[in-house]
1. Need the failing condition index for Ala119 against (1) assigned to a loop (DSSP other than H, G, I, E, B); (2) of a type in the set (Gly, Ala, Ser); (3) closer than 24 Å to Asn293 by Cα, just the number.
2. Filter the range 240-252 for residues that are outside any helix (DSSP H, G or I) and open to solvent by 30 Å² or more (accessible area, probe 1.4 Å); which is farthest from Thr314 (Cα to Cα)?
3. Could you please let me know if Phe270 is closer than 30 Å to Phe15 by Cβ, open to solvent by less than 30 Å² (accessible area, probe 1.4 Å) and aromatic (Phe, Trp, Tyr)?
4. Quick one: which residue in Ala164, Ala135, Ala140 is outside the structural domain of Phe220 (by TED's automatic domain parsing), open to solvent by less than 10 Å² (accessible area, probe 1.4 Å), farther than 30 Å from Arg41 by Cβ and not in a loop (DSSP other than H, G, I, E, B)?
5. With the range 253-297 as the region, which helices (runs of 4 or more DSSP H) entirely inside it contain at least 2 residues that are under 23 Å from Val79 (Cα atoms) and either polar (S, T, N, Q) or away from the ligand (no atom under 14 Å from the Cβ) (or both)?
6. Evaluate the range 196-211: report whether one residue or more is modelled with pLDDT of 95 or more, open to solvent by 60 Å² or more (accessible area, probe 1.4 Å) and more than 30 Å from Glu72 (Cα to Cα).
7. Take Ser239 and tell me if it is closer than 22 Å to Glu62 by Cβ and either more than 14 Å from the ligand (Cβ to nearest atom) or at pLDDT 95 or above (or both).
Amino acid sequence: MIGKIYGTGSYVPSFVWDNDKLSEMVETSDEWIRERTGIARRHIIEGEEEDTTYMASRAACEALKDAGIQPEEIDLIIVATISAGEIMPSSACGVQKAIGAVNAVCFDLNAACTGFLFALNTAQAYLGQGIYKTAIVVGAESLSNLVNWTDRSTCILFGDGAGAVVLKASKDGKYSQVAYSDGRKGGVLTCSSRNQKKYEKESVDAETYMQMDGGEVFKFAVSKVPEVIRELLDKENLSTKEIAYYILHQANVRIVQSVAKRLGEKMEKFPVNMGEYGNTSSASIPILLDEINKKKGFRRGSYIVLSGFGGGLTYGASLLQW
Ligand code: UT7
């Protein structure tokens, strides 16, 4: 048994900050940000209602509709996030309440930017064991609340949004995964507090915001992502040519280009959307999956590789058959 994707959904705030807006806030430029990252805009939550749980619920609701499944049929909801508005109840319980999934078991999972991948692995383990039959896996982030908007080395990168998939236990298809964590290197990407208020930055110690050694994270990503993808393909006896798409965590277009080059594959197989959304951490992979699915971009039965990397440090790759 594996969990097959029956539906996808996503939600991004309508409020947008482009690079020119950021260049009014910190010493940067549209040209620098585009050249070094591929990012042009990011969507930012606005107002009281629009928070991580709200975005996660909207994405989950859309995924349910796409799957043609009733909320009561859902057995499990996992929300991958590092930016839930409250410590408890979990964002997943908030999603349950919002969509009326009264029969679901719900919890959040933190694996930073690899969160969606690890949540998907967790749901696959439950479905594979026959413990549950139907699950929603969501990646949702309000990173605008964690970012120091006076720090140009991080604030230009991140954005807010959510993506979701509905999985149903199935005898057909394939799911396989390789995942790693290296806590010894966790210091290169940290955030010691959450639920910051982005407009009250003067009152909060800068150290509590997101901190990153960008160069180290970059090196880690471009070496480990191709390695873990190769390990996954070797395990499944597949060649890179047999993969229709590689859906990578959307952190920096140069990371994606480097991974494509190291795997000897063309960029056409590596869709990117960070130009529009920036890095949305655990939400980036499911938002991209939803965009391609809605354009009918996946052929039934084709092989797709997902790969994520980020804080922890954590990284991994998963193979699925659409
Ligand atoms: O989800 C996982 C989390 N994070 C990542 O994946 C991020 C991985 N890292 C990166 O994407 C890149 O390292 C960054 C985009 C963060 C930085 O790009 P870089 O090419 O590694 O730049 P750098 O940090 O080496 O800085 C180059 C120069 C420096 O100036 P000097 O020392 O050469 O005079 C920086 O001070 O660019 C300067 N700089 C900026 N200039 C304009 C750094 N940030 C900015 C900025 N605007 N926003």
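1. (1)
2. Going through the range 240-252, the residues outside any helix (DSSP H, G or I) turn out to be 243-252.
Then drop every residue that is not open to solvent by 30 Å² or more (accessible area, probe 1.4 Å), which leaves 244-245.
Details: Ala244: 25, Tyr245: 22 Å.
Among residues in the range 240-252 that are outside any helix (DSSP H, G or I) and open to solvent by 30 Å² or more (accessible area, probe 1.4 Å), the one farthest from Thr314 (Cα to Cα) is Ala244.
3. Values: closer than 30 Å to Phe15 by Cβ: yes; open to solvent by less than 30 Å² (accessible area, probe 1.4 Å): yes; aromatic (Phe, Trp, Tyr): yes.
Spelling it out, Phe270 is indeed closer than 30 Å to Phe15 by Cβ, open to solvent by less than 30 Å² (accessible area, probe 1.4 Å) and aromatic (Phe, Trp, Tyr).
4. After ruling out the rest, the residue left standing is Ala135.
5. By residue number, 284-294.
6. no
7. Against the criterion (closer than 22 Å to Glu62 by Cβ and either more than 14 Å from the ligand (Cβ to nearest atom) or at pLDDT 95 or above (or both)), Ser239 does not qualify.
Yes/no per residue for (1) part of a loop (DSSP other than H, G, I, E, B); (2) open to solvent by 40 Å² or more (accessible area, probe 1.4 Å); (3) more than 13 Å from the ligand (Cβ to nearest atom):
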residue	(1), (2), (3)
Gly7	no, no, yes
Ser10	no, no, yes
Glu27	yes, yes, no
Ile33	no, no, no
Ile39	yes, no, no
Glu48	yes, yes, yes
Met55	no, no, yes
Arg58	no, yes, yes
Cys61	no, yes, yes
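The values are calculated or read from the model by the stated rules, or taken from the named source; none is laboratory data. Computed from a prediction, not measured in an experiment: that's the story for all the values here. Virtual Cβ from ideal backbone geometry, glycine too; neighbours counted across all protein chains shown. We work out accessible area using only protein heavy atoms, side chains counted, and drop any ligands, DNA or RNA first. Shrake-Rupley method; radii C 1.70, N 1.55, O 1.52, S 1.80 Å.
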